[in-house]
Amino acid sequence: MKAITYLQFDGRAEEALAFYEKALQATSVKMVRFGAFGQDPNAPLTEKEQNMIMESRIEFSGNILMISDVLPFMQAATGEITKGNTVIISIIDADPEMNKQSFEGLSEGGTVIMPLSSTPWSASFGMLVDKFGVMWKFNSGASKFLDSFVD
(Lines give C-alpha, C1' and ligand atoms only; values in the text may rest on other atoms or scores of the structure.)
Protein backbone atom coordinates (compact mmCIF):
# COMPACT_ATOMS: atom_id res chain seq x y z
CA MET A 1 0.00 0.00 0.00
CA LYS A 2 1.14 3.55 -0.76
CA ALA A 3 -0.24 6.94 0.19
CA ILE A 4 0.50 9.81 -2.18
CA THR A 5 -0.47 13.43 -2.73
CA TYR A 6 -3.36 13.94 -5.15
CA LEU A 7 -4.27 17.42 -6.38
CA GLN A 8 -7.68 18.33 -7.83
CA PHE A 9 -8.51 21.15 -10.21
CA ASP A 10 -11.55 22.75 -11.81
CA GLY A 11 -10.48 22.48 -15.46
CA ARG A 12 -6.85 23.52 -14.91
CA ALA A 13 -5.30 20.07 -14.33
CA GLU A 14 -3.54 20.03 -17.70
CA GLU A 15 -1.98 23.42 -17.00
CA ALA A 16 -0.92 22.26 -13.52
CA LEU A 17 0.44 19.01 -14.95
CA ALA A 18 2.70 20.90 -17.37
CA PHE A 19 3.80 23.28 -14.60
CA TYR A 20 4.69 20.52 -12.12
CA GLU A 21 6.34 18.42 -14.84
CA LYS A 22 8.76 21.26 -15.55
CA ALA A 23 9.16 22.54 -11.99
CA LEU A 24 9.81 19.09 -10.53
CA GLN A 25 11.87 17.83 -13.50
CA ALA A 26 9.57 14.83 -13.90
CA THR A 27 11.05 11.60 -15.23
CA SER A 28 7.65 10.18 -16.26
CA VAL A 29 4.22 11.69 -16.94
CA LYS A 30 1.04 9.73 -17.70
CA MET A 31 -2.40 11.20 -18.34
CA VAL A 32 -5.93 10.04 -19.21
CA ARG A 33 -8.84 12.30 -20.22
CA PHE A 34 -12.47 11.71 -19.25
CA GLY A 35 -13.24 11.22 -22.96
CA ALA A 36 -11.15 8.02 -23.02
CA PHE A 37 -14.25 6.13 -21.88
CA GLY A 38 -17.59 5.75 -23.61
CA GLN A 39 -20.29 8.29 -22.87
CA ASP A 40 -23.16 7.61 -20.49
CA PRO A 41 -26.22 8.54 -22.61
CA ASN A 42 -28.04 9.57 -19.41
CA ALA A 43 -25.27 11.98 -18.41
CA PRO A 44 -23.23 12.92 -21.48
CA LEU A 45 -20.12 15.01 -21.01
CA THR A 46 -19.58 18.21 -22.93
CA GLU A 47 -16.58 18.41 -25.25
CA LYS A 48 -14.80 20.55 -22.64
CA GLU A 49 -15.48 17.95 -19.93
CA GLN A 50 -14.30 15.09 -22.17
CA ASN A 51 -10.97 16.92 -22.56
CA MET A 52 -10.53 17.40 -18.82
CA ILE A 53 -7.96 15.20 -17.02
CA MET A 54 -9.50 12.17 -15.32
CA GLU A 55 -6.24 10.90 -13.85
CA SER A 56 -2.56 11.70 -14.23
CA ARG A 57 0.69 10.82 -12.55
CA ILE A 58 4.04 12.59 -12.41
CA GLU A 59 7.10 10.73 -11.19
CA PHE A 60 10.05 12.76 -9.92
CA SER A 61 12.99 12.01 -7.64
CA GLY A 62 11.42 8.72 -6.52
CA ASN A 63 8.11 10.43 -5.67
CA ILE A 64 4.64 10.42 -7.22
CA LEU A 65 2.18 13.30 -7.57
CA MET A 66 -1.27 12.65 -9.05
CA ILE A 67 -3.51 15.32 -10.56
CA SER A 68 -7.04 15.42 -11.96
CA ASP A 69 -9.95 17.71 -12.77
CA VAL A 70 -13.26 17.37 -10.95
CA LEU A 71 -16.23 17.46 -13.30
CA PRO A 72 -18.88 20.06 -12.45
CA PHE A 73 -21.55 17.45 -11.62
CA MET A 74 -19.12 15.69 -9.22
CA GLN A 75 -18.62 18.92 -7.31
CA ALA A 76 -22.17 18.61 -6.00
CA ALA A 77 -20.85 15.73 -3.84
CA THR A 78 -17.22 16.75 -3.31
CA GLY A 79 -17.80 20.46 -2.86
CA GLU A 80 -16.78 23.29 -5.13
CA ILE A 81 -13.08 23.37 -6.02
CA THR A 82 -11.42 26.28 -4.25
CA LYS A 83 -7.89 26.85 -3.04
CA GLY A 84 -7.53 24.79 0.12
CA ASN A 85 -9.76 21.83 -0.73
CA THR A 86 -7.80 20.54 -3.69
CA VAL A 87 -5.79 17.83 -1.92
CA ILE A 88 -6.78 14.18 -1.56
CA ILE A 89 -4.87 11.44 0.20
CA SER A 90 -4.88 8.63 -2.34
CA ILE A 91 -4.31 5.02 -1.30
CA ILE A 92 -3.06 3.22 -4.39
CA ASP A 93 -2.09 -0.30 -5.42
CA ALA A 94 -3.40 -1.98 -2.24
CA ASP A 95 -5.22 -5.28 -2.48
CA PRO A 96 -9.03 -4.96 -2.34
CA GLU A 97 -9.28 -6.47 1.17
CA MET A 98 -6.79 -3.96 2.58
CA ASN A 99 -8.72 -1.18 0.82
CA LYS A 100 -11.95 -2.43 2.40
CA GLN A 101 -10.55 -2.42 5.94
CA SER A 102 -9.03 1.05 5.62
CA PHE A 103 -12.10 2.45 3.83
CA GLU A 104 -14.47 1.16 6.54
CA GLY A 105 -12.31 2.57 9.31
CA LEU A 106 -11.92 5.99 7.73
CA SER A 107 -15.60 6.27 6.83
CA GLU A 108 -16.73 6.02 10.49
CA GLY A 109 -18.30 9.38 11.26
CA GLY A 110 -17.52 10.60 7.75
CA THR A 111 -19.28 10.77 4.38
CA VAL A 112 -18.90 8.17 1.66
CA ILE A 113 -18.78 9.89 -1.74
CA MET A 114 -18.41 6.70 -3.77
CA PRO A 115 -18.62 3.29 -2.07
CA LEU A 116 -15.82 0.82 -2.78
CA SER A 117 -16.65 -1.03 -5.97
CA SER A 118 -15.13 -2.50 -9.10
CA THR A 119 -14.77 -0.01 -11.97
CA PRO A 120 -13.32 -0.25 -15.50
CA TRP A 121 -10.04 1.15 -14.12
CA SER A 122 -9.80 -0.55 -10.71
CA ALA A 123 -10.89 -3.72 -8.91
CA SER A 124 -11.43 -1.62 -5.78
CA PHE A 125 -12.22 2.11 -6.14
CA GLY A 126 -13.97 4.43 -3.71
CA MET A 127 -13.92 7.92 -2.19
CA LEU A 128 -14.86 9.36 1.19
CA VAL A 129 -14.47 12.40 3.39
CA ASP A 130 -13.47 11.46 6.93
CA LYS A 131 -14.92 13.01 10.08
CA PHE A 132 -12.15 15.63 10.05
CA GLY A 133 -12.99 16.79 6.51
CA VAL A 134 -10.03 15.04 4.84
CA MET A 135 -10.81 13.48 1.46
CA TRP A 136 -9.55 9.95 0.76
CA LYS A 137 -9.48 8.13 -2.57
CA PHE A 138 -8.86 4.38 -2.85
CA ASN A 139 -7.69 2.94 -6.16
CA SER A 140 -6.24 -0.57 -6.09
CA GLY A 141 -5.42 -0.40 -9.81
CA ALA A 142 -3.94 3.12 -10.08
CA SER A 143 -0.51 2.21 -11.43
CA LYS A 144 -1.76 -0.51 -13.80
CA PHE A 145 -4.46 1.79 -15.16
CA LEU A 146 -2.16 4.66 -16.08
CA ASP A 147 0.55 2.30 -17.34
CA SER A 148 -1.98 0.79 -19.78
CA PHE A 149 -2.19 4.08 -21.70
CA VAL A 150 0.43 5.05 -24.23
CA ASP A 151 2.49 8.16 -23.50
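If the condition is being open to solvent by 80 Å² or more (accessible area, probe 1.4 Å) and closer than 25 Å to MET31 by Cβ, then region 125-144 contributes only LYS144. Every condition in (1) open to solvent by less than 60 Å² (accessible area, probe 1.4 Å); (2) out of contact with any strand residue (DSSP E or B) (no Cβ under 6 Å at 6 or more places or on another chain); (3) at pLDDT 90 or above; (4) not aromatic (Phe, Trp, Tyr) holds for GLU15 except the one numbered (1). Can you spot a residue in region 22-31 that is closer than 22 Å to SER124 by Cβ and of a type outside the set (D, E, K, R)? No, that holds for no residue. If you scan region 31-43, which residues turn out to be of a type outside the set (Gly, Ala, Ser) and at pLDDT below 90? The answer is PHE37, GLN39, ASP40, PRO41, ASN42. Looking only at residues of region 129-151 that are under 18 Å from ASP95 (Cα atoms) and among the hydrophobic types (A, V, I, L, M, F, W, C), we find that the one that is modelled with the highest pLDDT is PHE138. Criterion first (touching a residue at least 12 places away in the same chain (Cβ under 8 Å), open to solvent by less than 30 Å² (accessible area, probe 1.4 Å), of a type in the set (D, E, K, R) and under 28 Å from GLY38 (Cβ atoms)) does ASP147 satisfy it? No: the conditions fail for ASP147.
Every residue, every condition in (1) β-branched (Val, Ile, Thr); (2) free of Cβ contacts under 8 Å to residues at least 12 places away in the same chain, yes or no:
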| position | (1), (2) |
| --- | --- |
| LEU24 | no, no |
| VAL32 | yes, no |
| GLN39 | no, yes |
| MET54 | no, no |
| ARG57 | no, no |
| SER68 | no, no |
| GLY79 | no, yes |
| VAL87 | yes, no |
| SER90 | no, no |
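A single member of GLU59, GLU108 is surrounded by fewer than 16 Cβ atoms within 10 Å (Cβ to Cβ), at pLDDT 85 or above, closer than 17 Å to THR5 by Cβ and among the charged types (D, E, K, R), and it is GLU59. Once region 111-124 is narrowed to residues that are surrounded by 17 or more Cβ atoms within 10 Å (Cβ to Cβ) and not hydrophobic (A, V, I, L, M, F, W, C), the residue that is nearest to VAL134 (Cα to Cα) is SER124. Number of residues in region 30-41 that are within 19 Å of ASP69 (Cβ to Cβ) and open to solvent by 40 Å² or more (accessible area, probe 1.4 Å): the value is 7. Under 7 Å between Cβ atoms, which residue pairs at least 6 apart in sequence (or on different chains) link something in region 1-21 that is touching a residue at least 12 places away in the same chain (Cβ under 8 Å) with a partner that is assigned to a helix (DSSP H, G or I)? Matching pairs, first to second residue: MET1/MET98; LEU7/ALA16; PHE9/ALA16. Looking across region 56-78 at every residue that is touching a Lys or Arg at 6+ places or on another chain (Cβ under 8 Å) and among the charged types (D, E, K, R), the one that is farthest from MET31 (Cα to Cα) is identified as ASP69.
The values are calculated or read from the model by the stated rules, or taken from the named source; none is laboratory data. These numbers were taken from a predicted model, which means no experiment stands behind them. Virtual Cβ from ideal backbone geometry, glycine too; neighbours counted across all protein chains shown. Quick note on the areas: whole protein, heavy atoms, side chains included, nothing else; ligands and nucleic acids left out. Shrake-Rupley method; radii C 1.70, N 1.55, O 1.52, S 1.80 Å.
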